[in-house]
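K.L.:
Please read through the structure below; I'll follow up with questions.
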Amino acid sequence: MLIINTTYHASAAVYDSFVEWLCCEYIPEAKRDGTLKWPRLARVLDGSKGEDGYSYALQFYVDSVNAFNTWYTRTGIGLHKEMNRRFGRDVVGFSTWMEEIDTE
């Protein structure tokens with residue numbers, strides 16, 4: 001099982017509406033077909049007071065890179081375009097692939 005972690009930075013002007021959009025629209029649509037599983041959203045605690053906005057980490061589990069690529073072609077591109085349409089340069093992000101390690 002792989003984890004796709006996307007870290008976003010949302011400007012102070014949009015961070016409330018961005019989080020609402022993630023929770024109410026992006027996450028439900030992203031997991032609709034079952035490819036992306038068990039979403040987790042967290043605010044990154046970096047010591048800033050939020051004058052410039054906040055950073056958020058959104059994680060999903062996925063079976064494989066190929067499964068993600070198929071999802072991205074079918075669903076992700078549209079969600080990315082919608083995010084850009086709504087928030088423009090007020091939201092930026094980058095993704096990191098991780099592999100879960102069993103510690104038991």
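K.L.:
Which is on the phi < 0 side of the Ramachandran plot, outside any helix (DSSP H, G or I), exposed (fewer than 15 other Cβ atoms within 10 Å of the Cβ) and free of Cβ contacts under 8 Å to residues at least 40 places away in the same chain, of ASP46, ASP33, ASP52?
P.N.:
On the way: ASP33 fails: free of Cβ contacts under 8 Å to residues at least 40 places away in the same chain; ASP52 fails: free of Cβ contacts under 8 Å to residues at least 40 places away in the same chain.
Testing whether each residue is on the phi < 0 side of the Ramachandran plot, outside any helix (DSSP H, G or I), exposed (fewer than 15 other Cβ atoms within 10 Å of the Cβ) and free of Cβ contacts under 8 Å to residues at least 40 places away in the same chain leaves just ASP46.
K.L.:
Quick check, is SER48 in contact with a His (Cβ under 9 Å, 6 or more places away or on another chain) and at pLDDT below 95?
P.N.:
On the way: in contact with a His (Cβ under 9 Å, 6 or more places away or on another chain): no; at pLDDT below 95: yes.
Considered against the rule, which asks whether it is in contact with a His (Cβ under 9 Å, 6 or more places away or on another chain) and at pLDDT below 95, SER48 comes out as no.
K.L.:
Moving on to the next point. Could you tell me which residue of segment 62-104 is least open to solvent (accessible area, probe 1.4 Å), considering only residues that are among the hydroxyl-bearing types (Ser, Thr, Tyr) and over 21 Å from GLU29 (Cβ atoms)? Walk me through it before giving the result.
P.N.:
First pass over segment 62-104, keeping only residues among the hydroxyl-bearing types (Ser, Thr, Tyr): 64, 70, 72-73, 75, 95-96, 103.
Then drop every residue that is not over 21 Å from GLU29 (Cβ atoms), which leaves 96, 103.
Numbers: THR96: 55, THR103: 121 Å².
In this case the residue turns out to be THR96.
K.L.:
Looking at TYR15, is it more than 24 Å from ILE101 (Cα to Cα) and open to solvent by 40 Å² or more (accessible area, probe 1.4 Å)?
P.N.:
Values: more than 24 Å from ILE101 (Cα to Cα): yes; open to solvent by 40 Å² or more (accessible area, probe 1.4 Å): yes.
Considered against the rule, which asks whether it is more than 24 Å from ILE101 (Cα to Cα) and open to solvent by 40 Å² or more (accessible area, probe 1.4 Å), TYR15 comes out as yes.
K.L.:
I've got another one for you. Return the residues of segment 81-104 that are in a helix (DSSP H, G or I), in contact with a strand residue (DSSP E or B) (Cβ under 9 Å, 6 or more places away or on another chain) and of a type outside the set (A, V, I, L, M, F, W, C); say none if nothing qualifies. I'd like the intermediate steps shown before the answer.
P.N.:
Initial filter on segment 81-104 (in a helix (DSSP H, G or I)): 81-90.
With the extra rule that they be in contact with a strand residue (DSSP E or B) (Cβ under 9 Å, 6 or more places away or on another chain), the set shrinks to 83-84, 87, 90.
Matches in segment 81-104: ASN84, ASP90.
K.L.:
Only one of (1) closer than 21 Å to ASN84 by Cβ; (2) within 11 Å of the chain's Cα centre (by Cα); (3) modelled with pLDDT of 95 or more is not met by ARG40, so which one is it?
P.N.:
The failed condition is (1).
K.L.:
Condition first: assigned to a helix (DSSP H, G or I), in contact with a Leu (Cβ under 8 Å, 6 or more places away or on another chain) and among the charged types (D, E, K, R). Now tell me which residues in segment 61-80 satisfy that. Before you say what the answer is, go through the steps one by one.
P.N.:
Here is the first cut: in segment 61-80, the residues assigned to a helix (DSSP H, G or I) are 65-80.
In the following step, the residues that additionally are in contact with a Leu (Cβ under 8 Å, 6 or more places away or on another chain) were identified as 65, 68, 71.
Across segment 61-80, there are no qualifying residues.
The values are calculated or read from the model by the stated rules, or taken from the named source; none is laboratory data. Predicted model only: the values in this text are computed from it and were never measured. Neighbour counts run over all protein chains shown; Cβ positions are idealised from the backbone, glycine included. These accessible areas exclude ligands, DNA and RNA; they are computed on the full protein's heavy atoms, side chains included. Shrake-Rupley method; radii C 1.70, N 1.55, O 1.52, S 1.80 Å.
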